[in-house]
Amino acid sequence: MADLLRLLLRVAEKAANVARLCRQEAPLFQLLVQEKTGDDKNKKFVQDFKTLADVVIQEMIRHDVGAQFPEMAAFIHGEESNKFENGLGESVTVTVCGTEEDTAALLATVLDGDHTAASLLARAIHQDPASIDADTDGLTVPLGPSELGIWIDPIDATSQYIEGREEVLEEGHLSPSGLHCALVLIGVYLRSTGEPVMGVINQPFNYKDPAGGRWRGKHFWGVSCGSVNVCSVSRPKGGPGAGLSAVLSSSEKPVVKEALTSLCGPDKLMYASGAGYKILCVIQGLADVYVLSEGSTFKWDSCAPHALLRALGGGVVDLTKCLQSSSQAQEPQMELTYHQPNTDRKGAERWANRGGLVAYRDVSQLHSVIGLLKDKL
Ligand code: 2IP
Ligand code: CA
């Protein structure tokens, strides 16, 4: 299934192109950032454009993967529904058509006849991306398409994407907020066990080209299945040192912030936006752990980066399950899985990581965090 990895790298790059295009091209950018002004009809429609950009990316990935691997078509899940209502109250199902012209015509019906915006989007969807420089030669993945399912988050950290702040990055430091936190996430899991086995992350706004002033992206990938553990990011050097560093959501509970301040010290406790971005920080060694005590992330947020962490020897566990378990040795079995919904919940909540999570590279650091939080939550 190395072919699947190469395909996902290509579709993630196309997705990143769409994400950049929506900020670069005036007709799309206006739709994206326009505040709630104008009449009611317009108000509703403008709000929906953020979702439309997400749906377009998700459906493009579904289309391209389904075309090459038809066995996977029914197992490609995403955050968004592709049923859409346009400003006239008509229901439209957004899909990617066989030709650019047909896709443009369909999008125009959702965009209330805005043919310029529809054509721009359709062109990006049907265009082949520039060749991807990823060293996947010689990689064999012992899995077949009928064993696999996919979770897509078309744009994680949407609020940072819309706001569009351009932070200056310091080498070796994470970006607390801004465009760097927006990520395209595509994760592949094993249908039988729910284990994440392959992940592709595309960061559409990685750096700004000094020559043309255009944003350039960066991709990350990993495969973890059986004895095959390969990641495009090398494991950060050095074992766990004296001080542990952690990244949290700024909205994390005070009790967790206080406990981790006592463990890490104030300098090594960091905050960043985006669930996917925080796991990417752990992958890159910018933080040792990401702790989240709420069930506010979903399968589409964690599946892709989880696969990369596993390839590096780490993982993402259910925090509540770990806190309830009496044995430390059990913790690796508390890993999040991706095949079963929360049957007692409705809508998106069916796929929430309801017990919170800890993302880690090193299991001894996971033990320290669980030990610390055990009597506090
Ligand atoms: C969100 C996004 C948020 C995150 C939340 C995710 O996904 O990543 O930033 O909250 O958990 O579900 P926080 O930044 O506080 O960690 P989306 O942007 O796709 O809704
Ligand atoms: Ca998300």
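Using heavy-atom solvent-accessible surface (probe 1.4 Å) with all chains present, what is the largest-first order of 337, 140?
Working: 337 55, 140 100 Å².
Order by accessible area, largest first: 140, 337.
Pairing the Cα long axis of helix 363-373 with the longest principal axis of the chain, what angle in degrees results, from 0 to 90 and rounded to the nearest 10?
80
For the stretch 99-167, report the translational diffusion coefficient in µm²/s to the nearest whole number, using Stokes-Einstein at 25 °C, 0.890 mPa s, and a Kirkwood Rh over Cα pairs. Walk me through the numbers on the way to the answer.
Values: Rh = 16.1 Å.
After rounding, the answer is 153 µm²/s.
Give the Rg (one decimal place) followed by the Dmax (whole number) of the stretch 200-297, computed from C-alpha coordinates and expressed in Å.
So, for the stretch 200-297, Rg and Dmax equal 15.9, 47 Å respectively.
Show that you can apply the helix-only estimate: for the chain, add -39,500 (n - 2.57) for every DSSP H stretch of four or more residues, divide by all residues, and state [θ] at 222 nm to the nearest 500. If you can, show how the numbers build up before the last one.
Working: 11 runs with 140 residues, N = 377.
Using -39500 (n - 2.57) per qualifying helix, the result is -11500 deg cm²/dmol.
Choose one of 232, 132, 369: the residue whose Cα lies farthest towards the positive end of the charge dipole of the chain (beta-carbon charges +1 Lys, Arg; -1 Asp, Glu; about the Cα centre).
369
How large is the accessible surface per residue of the chain, computed with a 1.4 Å probe and reported in Å² as a whole number? Mind showing how you got there, number by number?
On the way: 15990 Å² over 377 residues.
On a per-residue basis, 42 Å².
Per q in 0.06 Å⁻¹, report the Debye log10 I(q)/I(0) for the chain, using one uniform scatterer on each alpha carbon and no solvent.
With no solvent term, the Cα-only Debye profile gives -0.22.
Using heavy-atom solvent-accessible surface (probe 1.4 Å) with all chains present, what is the largest-first order of 301, 137?
Values: 301 15, 137 130 Å².
If we order 301, 137 from most to least accessible, we get 137, 301.
Using a 1.4 angstrom probe on the protein heavy atoms only, line up 207, 189 by accessible area, largest first. Provide the component values of the computation, followed by the final result.
Working: 207 110, 189 10 Å².
Ranked from most to least accessible, the order is 207, 189.
Stick to Cα atoms and the Kirkwood definition of Rh, then tell me Rg/Rh for the stretch 273-338.
Taking Rh as the inverse mean 1/r over Cα pairs, Rg/Rh reads 0.94.
By how many nm would the segment from residue 253 to residue 333 lengthen if fully extended, with 0.36 nm per residue of separation less the alpha-carbon distance? Provide the component values of the computation, followed by the final result.
Working: separation 80, 0.36 × 80 = 28.80 nm, distance 2.57 nm.
Taking 0.36 nm per residue and subtracting the Cα distance, the gain is 26.2 nm.
Post the alpha-carbon centroid distance, the stretch 146-198 to the stretch 351-377, in whole angstrom.
Here the two parts' Cα centres lie 20 Å apart.
Could you tell me, in Å, what Rg and Dmax come out for the Cα atoms of the stretch 233-377?
According to the Cα coordinates of the stretch 233-377, Rg and Dmax are 14.1, 44 Å.
Go ahead and set up a Gaussian network model of the chain, Cα springs under 10 Å, then flag whichever of 53, 259, 15 fluctuates most.
Result for the chain, Cα springs under 10 Å: 259 fluctuates most.
For the stretch 285-294, in order, what is each residue's ³J(HN,Hα) by Karplus, 6.51 cos²θ - 1.76 cosθ + 1.60 with θ = phi - 60°, in whole Hz (x at glycine and Pro)?
Listing the rounded values in order: x, 6, 8, 7, 9, 10, 10, 9, 8, 9 Hz.
When Rg is the radius of gyration of the Cα atoms in the stretch 310-369 and Rh is its Kirkwood radius, what does Rg/Rh come to?
On the way: Rg = 12.4 Å, Rh = 12.3 Å.
Over the Cα atoms of the stretch 310-369, Rg/Rh equals 1.01.
For the stretch 251-258, what does the Karplus curve 6.51 cos²θ - 1.76 cosθ + 1.60, with θ = phi - 60°, yield as ³J(HN,Hα) per residue in whole Hz, taken in order and with x for Gly and Pro?
So the J values, rounded to whole Hz, are 8, 5, 4, x, 4, 6, 4, 5.
If you put +1 on each Lys and Arg Cβ and -1 on each Asp and Glu Cβ, how big is the dipole of the chain around its Cα centre, in Debye rounded to 20? Before the final figure, lay out each step's value.
Details: 35 positive and 47 negative charges, 162 e Å.
My answer is approximately 780 debye.
Spin-label point model (7 Å from Cα, Cβ direction): what's the residue 209 to residue 67 distance in nm?
Inter-label distance under the simple model: 2.5 nm.
Show the residues, 5+ positions off or on another chain, whose built amide H is closer than 5 Å to the amide H of residue 295.
Placed amide hydrogens put 356 under 5 Å from residue 295.
Among 278, 237, 253, which one shows the biggest mean-square fluctuation in a GNM of the chain, springs joining Cα atoms closer than 10 Å?
237
With a point put 7 Å past each Cα toward its Cβ, work out how far residue 136 is from residue 166 in nm, to one decimal.
Distance between label points: 3.2 nm.
At 7 Å along Cα-to-Cβ for each site, give me the label-to-label distance between residue 228 and residue 29 in nm.
Here the modelled spin labels are 4.2 nm apart.
Which three extents, in angstrom, do the Cα atoms of the stretch 55-171 have along their principal axes, listed largest first?
That gives 51, 44, 25 Å along the principal axes, largest extent first.
Given springs between every Cα pair under 10 Å in a Gaussian network model of the chain, which of 249, 192, 159 has the largest fluctuation?
Of the options given, 192 has the highest mean-square fluctuation.
In the stretch 219-344, what percent of the accessible surface is made up of carbon and sulfur (1.4 Å probe, ligands and nucleic acids excluded)? Could you put the intermediate results ahead of the total?
On the way: 2400 of 4980 Å².
Solvent-exposed carbon and sulfur of the stretch 219-344 make up 48 percent of the total.
The values are calculated or read from the model by the stated rules, or taken from the named source; none is laboratory data. Since we're looking at a predicted model, the values are computed, not measured. When we count neighbours, we look across all protein chains shown, and the Cβ atoms used for this are built from the backbone with ideal geometry, even at glycine. For accessibility, only protein heavy atoms count, side chains too; no ligands or nucleic acids. Shrake-Rupley method; radii C 1.70, N 1.55, O 1.52, S 1.80 Å.
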